[in-house]
1. How far apart, in nm, are two points set 7 Å out from the Cα along the Cα-to-Cβ line at Ser141 and at Asp42?
2. Roughly how many nanometres apart are two label points built 7 Å out from the Cα toward the Cβ at Ser158 and Ser62?
3. What does the charge count around Glu152 come to, taking other residues whose C-beta lies under 13 Å from its C-beta (Lys +1, Arg +1, Asp -1, Glu -1)?
4. When N counts the residues of the stretch 84-160, how does its alpha-carbon radius of gyration compare numerically with 2.2 N^0.38 Å, as a ratio?
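Where a number appears in this text, it was derived from the coordinates with a stated rule and is not lab data. From a predicted model like this one, the values you see are computed outputs, not experimental measurements. A quick note on method: Cβ atoms are made from the backbone with ideal geometry, for glycine too, and the neighbour counts reach across all protein chains shown.
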Amino acid sequence: MKRRDFMRQAGGATAALGAGATATAGTATAQEEGGGGGQQPDFGGYTDGAEGGSYEDLRGESEVTIEVGAGGGLAFTPTEAWIDTGTTVVFEWVSDGHNVLFDDNPGDVSGHEPLEDTDFSFEVTFESGGVYTYYCDPHRSLGMLGAIAVGEEVPTVSTGGGGGRKELHDLGVAIQAHWVGAATILGIIMTVIFTFYVVKYGESAHTGTGR
């Protein structure tokens, strides 16, 4: 192999190893930083066992929609929501024979007691912060429950996805992953040493003079 060709290949290998190290570091950083805030409102167990069981963080929206009678006719969707103060919620019927009545009602907003059918809707603007819980009266015992957290001053619980830097093993990643970066760096160092040796002392007698 010619010395020039060897240098070109060695340089390419070093660059590839460097790229691998960068990718590994990037992956580790992404794993460490986590996503979201790792918090959601504490609804006090009100919706435990409710039909649907979905949660959405809808902060930042001025108007949101909650479907009444979704999921086979016995669910509010989303079942739980977090909104900003001043947000208007449109309760939209998607099946027949439901109403919306509030249990916990810190802002004293009005529900809708008459039973309504598909395509009916009514709006509530939540001007006061707090946790609101509500239900469909005919189907309460069947799990047709919902809850809305309004504003930032509400109790929260950790969902285990908090931010902040963490060790990989704290995230459930096998400890062997720590050695990936070290092995990559070692490979780069050995490539540089070998390249220096060849440049300084010449090539093996078996490779020819390269001329």
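1. About 3.2 nm separates the two model spin labels.
2. Spacing of the two 7 Å Cα→Cβ label points: 3.7 nm.
3. Summing Lys and Arg as +1 and Asp and Glu as -1 gives -2.
4. 1.16
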